[in-house]
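Worksheet: the structure to be examined is printed underneath.
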Amino acid sequence: MFSRAYRAAITVPPLLWVAVFLLVPYALLLCYSFWSVSSFQTIVHSWNWENYRELFRVDAYWQTLLRSMWIAARVMFFSLLLGYPLAYYLSFYAGRRKELLYQMVIIPLWVSYLVRAYAWKTILGSDGVLNTLLQYVHLTQHPLDFLLYSPFAVVLTLTHIYTPFAFLPIYASLEHIPRNLVEASQDLGASPLQTFWRVVFPLSIPGVVAGATFAFVLSLGDFLAPLLLGGPSGIMISNIVVSLFGAAYNWPLGAAISFCMLLLVLALLFLSENLEKKWSFR
Amino acid sequence: MNAPSLLSIRNVAKSFGKNSVLRNISLEIAEGEFLTILGESGSGKTTLLRIIAGFESATSGEIWMGGERLDPLPPYRRRVNTVFQQYALFPHLSVADNVGYGLKVANLSRTEISTRVEQALAMVKMTARANAKPSQISGGQQQRVALARALVNRPRLLLLDEPLSALDANLRRQMQVELKSLQREVGITFVFVTHDQEEAMVMSDRIALLRMGELEQVASPREIYNRPATAYTAQFIGHTNLLQAQVQDGVARCQSLAWKVSLPDGPALFSLRPENVRFASGDGVRIRGTVQQQAFHGATDLLRIDCGEGLVLSMRAASRENWTGKVELQFQPEDAIPVRASQERT
């Protein structure tokens, strides 16, 4: 096999990279979360739980966290609602157009996030494309103001951005279902609908769980969409973290919130991995 | 077969694009019959089975089952069940749930489902593994479960797509016998697809030999072996000597061989089974030759005898070491079966 030196040469650099640029910063973050800020805007290295207490004492923080989770949950729901039928159609019925359609789902991923977020801004704004059209056809008299700078805009944009992330694992799991299982089901008298619910869907659950996790976790930590399109009512927890590390200059509290989010996400990933294992049979 | 016809395949043809896979297939399958569709890979046998099951639609022709037209129905409306080549058991369901699947989607009562599943599992001796997942049981056991899952629905017709090809030789022979006795027991019509001529001979009431999308011959194993209609059939089923002869005035001649026949003048092709070629003693068509090659087949040896002028005959002889030297052979004229030349097909 490979020599020790060779194995070391290929494993050490990436390990070092992860250690220096990921584990050390996380450790620092953890330290910061137990420190505090003096009235002279300097970091005081005295260990205490104050930041974590603050987080649960001040309504704005945990309410924003809850709202972020609620937004992420809706993004997850709509991404699955759009991604699953798309993946199902592509995998089972697209035939020769499969490759082309697959590329069309992937291409938007290459477009900058900012461009896509701004695109929604021009669509949803008070003199944007949608409002102009609605007034032109006399469906409304005045521009609808809930369209932009609202949780609605955030959910819409994030759903648009993260649907491909939900689509991909679902598509992969559907592609892995042996087609003779579908035939066996029909052969045993199951209608196409029964076949879907009794065979195809159960076997695609690992993909659904992975897709749901992607959509939820990625949108939970998002701060650009709420920043650009959320307005005051659409603020998410990451925006608070950004401002704490920036203008507010309260790194310790920002670190504490970040660390809570990290734990939450790790718990979710752990849960989703277990669910995926429980539902995979190969 | 005098039993009433259950399945009637009428002029079925199938092509994928320009590629013609089946041509002009007409076949009557009797109630309770064990019919084997035999053919090499690419002969169209699996396609024919898939057309009967409803996974493919025929390009032309009709299929009738018990006075009802079958081919316009989707697979889930046909009283036909299939045992798939790779078994196709549902990996997320237990053995019992796999077997009960067809009954469940038919909305039968819970009690009826469980009694019938129990019976079916007992029939294939899988009761002990009812709660196992398919990935936890062996290939042979998966095969039994697949069989139970199909039979529990009491189909009028059971299709089996090379169900034994994934098993090792011993288990395969055992399953051939079990499958045959099971078929007699349940009395369901079996249509069995295989490329293994020995398997076909052991199990079938009748064999339908398919060659490049057309039926070559449909007959009982005994008849197809003893009275092959074409050169292809004679060569595909068992070993044979094909003699290219010229008939003139009631005598067929092939190199130095000559025997009486009742055929019109002209070229003719004969199939002569190796076991009908014997060492000379008494009456018969005689020829001398030298032993060229010997292949050990257990109780018998297959010898290749070079008779000169390019004529090489295969014969079966009692097994013994080192057959060599000059021999004199003979066969009876009636054992040379006239066969049609098989046309080239593309």
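Shown here for the range B:47-108: trypsin sites (Lys or Arg not before Pro) in loop regions (DSSP other than H, G, I, E, B) with at most 15 other Cβ atoms within 10 Å, namely B:Arg79.
Can you give me the orientation-averaged projected area of the convex hull built on the Cα atoms of the range A:58-279, in nm²? It would help to have the intermediate numbers written out before the result.
Values: hull surface 62.9 nm².
The number I arrive at for the range A:58-279 is 15.7 nm².
Short-range pairs are left out: with C-alpha atoms under 8 Å and at least six residues apart, the relative contact order of the range B:233-339 is 28 percent.
From helices alone, chain B scores -7000 deg cm²/dmol at 222 nm; the rule is -39500 (n - 2.57) for each run of n ≥ 4 DSSP H residues, then divide by the residue total.
Within 10 Å of the Cβ of each residue in B:101-112, the mean number of Cβ atoms contributed by other protein chains is 3. Measuring only protein heavy atoms, the 1.4 Å probe finds B:His195 accessible over about 90 Å². With the cut-off at under 16 Å, measuring from each backbone N in the range B:312-346 to a point 7 Å along the Cα-to-Cβ line of B:Arg278 picks out B:315-319, B:328-336. Using a probe of 1.4 Å on the protein chains alone, the accessible area found for A:Cys260 is around 40 Å². With the helix formula -39500 (n - 2.57) applied to DSSP H stretches of n ≥ 4, chain A reaches a computed 222 nm mean residue ellipticity of -22000 deg cm²/dmol. What the Cα atoms of chain B give is an Rg and a Dmax of 24.1, 76 Å. Computed about its Cα centre, the charge dipole of the protein assembly as shown is approximately 420 debye, with only Lys, Arg, Asp and Glu carrying charge at their Cβ.
Please list B:Met203, A:Met69 from largest to smallest accessible area, probe radius 1.4 Å, with all protein chains kept in place. Don't skip to the answer; put the middle values down first.
On the way: B:Met203 0, A:Met69 60 Å².
Ranked list, largest accessible area first: A:Met69, B:Met203.
Of the listed residues B:Asp265, A:Asp127, the order by accessible area with a 1.4 Å probe, largest first, is A:Asp127, B:Asp265.
Among A:Phe56, A:Phe165, A:Phe77, which one shows the biggest mean-square fluctuation in a GNM of chain A, springs joining Cα atoms closer than 10 Å? Largest GNM mean-square fluctuation: A:Phe56.
For a quick check of your reading of the filter: which trypsin sites (Lys or Arg not before Pro) in the range B:1-44 sit in a DSSP loop and have no more than 14 other Cβ atoms within 10 Å? Sites meeting the loop and neighbour criteria: B:Lys18.
For the protein assembly as shown, which whole-number percentage of the solvent-accessible area (1.4 Å probe, protein heavy atoms only) is attributable to carbon and sulfur atoms? Could you put the intermediate results ahead of the total?
Numbers: 19150 of 32280 Å².
Result for the protein assembly as shown: 59 percent of the exposed heavy-atom area is carbon or sulfur.
Pairs of Cα atoms under 8 Å, at least six residues apart: use those to get the relative contact order of chain B, whole percent. Rounded, it is 15 percent for chain B.
Between A and B, buried accessible area from a 1.4 angstrom probe totals roughly 1900 Å², ignoring ligands, DNA and RNA.
Burial annotation for the range A:174-216: residues with an accessible-area loss of at least 50 Å² between the isolated chain and the complete set of protein chains, computed on heavy atoms with a 1.4 Å probe, are A:Asn180, A:Leu181, A:Glu183, A:Gln186, A:Asp187, A:Leu188, A:Arg198. For the residues B:Ser57, B:Ser342, a 1.4 Å probe over the protein chains yields an accessible-area ranking, largest first, of B:Ser57, B:Ser342. Spin-label model, A:Gln135/B:Asn11: points 7 Å from Cα along the beta carbon direction are separated by 7.0 nm. Placing +1 on the Cβ of each Lys and Arg and -1 on the Cβ of each Asp and Glu in the range A:58-279, which of A:Tyr93, A:Ile205, A:Leu66 has its Cα farthest towards the positive end of the resulting dipole? So the residue we want is A:Tyr93.
Computed about its Cα centre, the charge dipole of chain B is approximately 860 debye, with only Lys, Arg, Asp and Glu carrying charge at their Cβ. Structure remark: mean-square fluctuation, Gaussian network model of chain A, C-alpha springs under 10 Å; the largest value among A:Tyr118, A:Tyr84, A:Tyr171 belongs to A:Tyr118.
Take each residue in B:86-98, count the other chain C-beta atoms within 10 Å of its C-beta, and the mean is 4.
Here each label is just a point 7 Å from Cα along the line to Cβ, and for B:Arg304 and A:Val44 those points are 10.1 nm apart. Once all protein chains are placed together, A:Arg57 keeps about 140 Å² accessible to a 1.4 angstrom probe.
Would you work out the charge dipole size for the range A:58-279 about its Cα centre, treating the Cβ of every Lys and Arg as +1 and the Cβ of every Asp and Glu as -1, and quote it to the nearest 20 debye?
Working: 11 positive and 10 negative charges, 50 e Å.
It comes to approximately 240 debye.
Loop-located chymotrypsin sites (Phe, Trp or Tyr not before Pro) in the range A:1-41 (DSSP state not H, G, I, E or B) with no more than 13 neighbouring Cβ atoms inside 10 Å: A:Phe2, A:Phe40. Here the spin labels are modelled as points 7 Å beyond Cα on the Cα-Cβ line, and at B:Arg156 and A:Arg4 they lie 7.5 nm apart.
Determine the sum of side-chain charges near A:Asp127: Lys and Arg each +1, Asp and Glu each -1, restricted to other residues whose C-beta is under 14 angstrom from that of A:Asp127.
Values: positive: A:Lys121; negative: A:Asp145.
Cβ neighbours under 14 Å give a net charge of 0.
What FRET efficiency, computed as 1/(1 + (r/R0)^6) with R0 = 30 Å and r the Cβ-Cβ distance, is obtained for B:Asn107 and B:Thr127, rounded to the nearest 0.05? Once rounded, the FRET efficiency stands at 0.75. Using a Gaussian network model of chain B in which every pair of alpha carbons under 10 angstrom is joined by a spring, one finds that among B:Leu49, B:Leu108, B:Leu38 the greatest mean-square fluctuation is at B:Leu108. Per residue, the accessible area of the protein assembly as shown comes to 51 Å² when a 1.4 Å probe rolls over the protein heavy atoms. Volume of the convex hull of the protein assembly as shown (Cα atoms only), normalised per residue: 286 Å³. Calculate, for A:Trp197 and A:Lys121, the FRET efficiency according to 1/(1 + (r/R0)^6) with r their C-beta to C-beta distance and R0 41 Å; round to the nearest 0.05. Step by step, r from the Cβ atoms, then E = 0.55. For the range B:53-73, accessible area lost to neighbouring protein chains reaches 10 Å² or more, against the chain alone with a 1.4 Å probe, at B:Phe55.
The values are calculated or read from the model by the stated rules, or taken from the named source; none is laboratory data. Predicted, not measured: the structure shown is a model, and the values here were computed from it. Neighbour counts run over all protein chains shown; Cβ positions are idealised from the backbone, glycine included. For accessibility, only protein heavy atoms count, side chains too; no ligands or nucleic acids. Shrake-Rupley method; radii C 1.70, N 1.55, O 1.52, S 1.80 Å.
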